[in-house]
Structure formats: C-alpha cells, structure tokens
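Reading through the structure tokens given below for one structure.
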Amino acid sequence: MTVNPKEVTAGGYARLTFRVPNERDDASTVKVEVVLPEDAPLASVSIKPAPGWTAVVEKRTLATPIKSHDREITQVASKITWTADASSAIRPGQFQEFDVSAGPVPEVGQLVFKSLQTYSSGEIVRWIEEAKPGEEAEHPAPVLKVLPKAGAPSAPAPAAAGAAPAGDDPWPLVLSIAALAVALAALTLALRRRPAPPA
C-alpha cells in the first residue's frame, strides 16, 4: 500500500492518493482503514467518492487547538475507513485508489499513514511498519515526505574579488585597472614587434 505523491511542500493543501493492491489469490479486499498522523494534525480533510465504497471519517478532539485561516481548530480527522459493497471489493489481480484532499500540511519531516487492509477471508494486513535505514519493511506504512516552505530571499551575493566596498575610496581600484590596461597594451606591442621566424 502506498501514498502518492511521494512528497509535498509544507503549508499548502495536498491531494493524496492511497493505492491499495490485492495481494491474495483467493480473497478480495473489502475494507481499508487509514489512520492520520496523531502528532501532525491536518486541519482540513475531504474525500473524493469512490464508486461502490462507503467512506467514514472519524474525528478526535485536540488537547491543544491549532489555527488555520485565522480559525481555531479543536477537532480534526483521525481515521478514514472505506468499506466496499458486495460488487466493488478489490479482487485478485486488481488495485483500487482512494483520493483525499488534506491540509494545510504541517511543517514536519514526514507524515506516516498507518493503515489496515481487510480481506474477505477475515485476514487483516497491517501496513504499519516504519522502515529503518538499511532495512526493508515487509508491510511498510505509506509515508509522505514534507518539504520545507520556500525560504526567505537569499542573502546578497558577496562582492566580487577586487571590488571596492560601498563608501570606500575608489582610486586604488581605478589605478589597478589603469595599470592592467597599460600592461596589456605593452604586451600587445611587444608581440607585434616580434620578428617573423626565418623561412
């Protein structure tokens, strides 16, 4: 199970697509549960209808309210559950996508969406593992990387070598340029006067 895109920028709204493959040959996927990150609450969550599936959004009350568009938010979505009707389950060899609009995306390094996939056989696959460096999780939780907001205007470029700081006496620079010009002229004259090589 995955979430796309793989990365978003903090501060904006994101359209998230949860892709759920059926990995069993003898059962269909009948329910999908996605738990939203508790440590990074999303002020707004809306769901695109998936034909043949019923979506239920559970909410929780925040211990510390968050602000969004000058409003104080005390309740946020905590879990989304999609349940298939009799003819819409994800059959062997198929996959289904569930779209969610969420935001503003908090300024955290990543959002982890631990998820459960229930099969018609009663088996529940827990997509809740967080991959560790150098290891590959068997059932990794969908992870969304969060990029920082666009930074402040970059600092002005340093002055070019030899350039006089503003307000300093410009004459040393003028004299240096003049001396360089004289040297180049002398070199050019010397090259012109060089005798041609004998035939």
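The values are calculated or read from the model by the stated rules, or taken from the named source; none is laboratory data. What you are looking at is a predicted structure, and each value in this text was computed from that prediction instead of being measured. Neighbour counts are summed over all protein chains in view; Cβ atoms, including those assigned to glycine, are modelled from backbone coordinates with ideal geometry. Protein only, heavy atoms only, side chains kept; ligands, DNA and RNA dropped before computing areas. Shrake-Rupley method; radii C 1.70, N 1.55, O 1.52, S 1.80 Å.
Sticking to Cα atoms, compute the Rg of region 1-107 to one decimal and its Dmax as the biggest Cα-Cα distance, whole number, in Å.
Values for region 1-107 (Cα only, Rg and Dmax): 15.3, 51 Å.
Where does the charge balance sit around Glu58 when Lys and Arg score +1, Asp and Glu -1, over other residues with C-beta under 11 Å from its C-beta?
+2
Arrange the residues Ile80, Ile177, Ile47 by how much accessible surface each exposes, largest first, with a 1.4 angstrom probe.
Working: Ile80 0, Ile177 105, Ile47 50 Å².
Per-residue accessible area, sorted high to low, gives Ile177, Ile47, Ile80.
Which links in Lys31/Lys132; Lys59/Lys114; Lys59/Lys145; Lys59/Lys132; Lys67/Lys145; Lys6/Lys48 stretch past 26 Å when you go from one Cα to the other?
In this structure, Lys31/Lys132; Lys59/Lys132 exceed 26 Å between Cα atoms.
Divide, for region 105-147, the radius of gyration over alpha carbons by 2.2 N^0.38 Å, where N is the residue count.
That works out to 1.39 for region 105-147.
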